[in-house]
Amino acid sequence: VYRAKRMEYGGRTFYSAIKVISVPKNQQEIKAARSQGMDDQAIYNYFRGLVDNLLNEITLMDNLKGAKNIVGIEDYKIIEREGEIGWDLFIRMELLTPLSKVLTDPVSEAQVLKVGMDLCNALAACKRNNIIHRDIKPHNVMVLRDGSVKVADFGIARVLSSARHSTLTQEALGSVHYISPEQARGSSIDARSDLYSAGVV
């Protein structure tokens, strides 16, 4: 993630965060796919599927645009590389500070209440849009200048209607310190799983 600075007419300055994702991450991933017997078309289709999944993440966040306690996406662009298999994704979003860099030790009761209420507002917005975040943890909780909290990173979020049983061995499901017991067991999950994680945070 990069910090971007934009200068406007009259000397006004704006800042954003730009998340850069390359698919595949490097040529080694393509070589590994070939070593498993995949041809170029199969490799293309596989990595194109990953790009489509990332586009789903962007769509989820776009559906939540305007939600007070959800990090907003301002713009995005997907560029397919010429002459090789690969895509580069650029996502411009609000520039915020991670919760862990803002809280001081000891944390006051007022800070705990503020973080808790803002997290619950974010989860309420997710529930209204049938979204399970699945990775609520301090790293994905960001803070604005006024102290408000926003939830970020919907990379492993899923729409409730398509949520199925899954296990930790099937896919990365967030940090084990914060996931709910049913999520750790690979059982069916719903909005209560995110609420559990918010409580742990």
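The values are calculated or read from the model by the stated rules, or taken from the named source; none is laboratory data. Since the model is a prediction, treat every value here as computed from it, not as a measurement. Every residue, glycine among them, receives a Cβ derived from its backbone with ideal geometry; neighbour counts consider all protein chains shown. Keep in mind that these areas ignore ligands, DNA and RNA; they rest on the heavy atoms of the full protein, side chains included. Shrake-Rupley method; radii C 1.70, N 1.55, O 1.52, S 1.80 Å.
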> Reachable lysines from Lys31, Cα under 30 Å, same-chain residues fewer than 8 places away excluded?
Replying inline: Lys19, Lys77
>> With a 1.4 Å probe and all protein chains left in place, how much accessible area per residue does the chain have, in Å²?
In response: 61 Å²
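Would you list Met7, Met38 from the most to the least accessible area, probe 1.4 Å? All intermediate terms of the calculation are to be shown ahead of the outcome.
On the way: Met7 120, Met38 60 Å².
The residues order as Met7, Met38, largest area first.
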> Just Ala33, Ala67, Ala191 to compare: in a GNM of the chain, with alpha carbon springs under 10 Å, which one fluctuates most?
Replying inline: Ala33
>> Please check: in the Gaussian network model of the chain (C-alpha springs, under 10 Å), which one of Thr97, Thr13, Thr59 has the largest mean-square fluctuation.
In response: Thr13
> Between Thr59 and Asp190, what FRET efficiency follows from the Cβ-Cβ distance if R0 is 25 Å, with the result rounded to 0.05?
Replying inline: 0.75
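Determine the calculated [θ] at 222 nm for the chain from helices alone, applying -39500 (n - 2.57) to every DSSP H run no shorter than 4 residues and normalising by the residue count; nearest 500 deg cm²/dmol. Numbers along the way, then the final one.
Details: 6 runs with 72 residues, N = 201.
Here the helix-only value at 222 nm equals -11000 deg cm²/dmol.
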> Per the 1.4 Å probe, what fraction of the accessible area of the stretch 41-92, in percent, lies on carbon and sulfur atoms?
Replying inline: 47 percent
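Where nothing but the Cβ of Lys and Arg (+1) and of Asp and Glu (-1) is charged, how large is the charge dipole of the chain around its Cα centre, in debye to the nearest 20? Intermediate results must be reported in sequence, preceding the final value.
Values: 26 positive and 24 negative charges, 79 e Å.
Charge dipole of the chain: 380 debye, to the nearest 20.
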> What percentages, rounded to whole numbers, describe P(r) for the stretch 20-86 computed over all alpha carbon pairs with 10 Å bin width beginning at zero?
Replying inline: 19, 42, 23, 14, 3
> So how far, in whole Å, is the C-alpha centre of the stretch 106-134 from the one of the stretch 1-73?
Replying inline: 25 Å
>> For Glu57, what accessible surface area do you get with a 1.4 Å probe? Give it in Å², rounded to 10.
In response: 10 Å²
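Give the residue list of trypsin sites (Lys or Arg not before Pro) in the stretch 1-87 that are DSSP loop and have at most 14 other beta-carbon atoms within 10 angstrom. Walk me through the intermediate numbers first.
Working: sites: Arg3, Lys5, Arg6, Arg12, Lys19, Lys25, Lys31, Arg34, Arg48, Lys65, Lys68, Lys77, Arg81; in loops: Arg12, Lys25, Lys65, Lys68, Arg81.
Of the trypsin sites (Lys or Arg not before Pro), the ones in loops of the stretch 1-87 whose Cβ has at most 14 other Cβ atoms within 10 Å are Arg12, Lys25, Lys65, Lys68, Arg81.
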> How big is the accessible area of Leu195 in square angstrom, nearest 10, if you roll a 1.4 angstrom probe over the protein chains?
Replying inline: 100 Å²
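Given the Cα atoms of the stretch 1-145, and with Rh set as the inverse mean 1/r over their pairs in the Kirkwood sense, what is Rg to Rh to two decimals? Let's see the in-between values first.
Numbers: Rg = 19.0 Å, Rh = 18.0 Å.
Reported Rg/Rh (Cα atoms, Kirkwood Rh): 1.06.
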> Which of Lys25/Lys114; Lys5/Lys137; Lys25/Lys101; Lys65/Lys114 have a Cα-Cα distance over 26 Å?
Replying inline: Lys25/Lys114; Lys5/Lys137; Lys25/Lys101
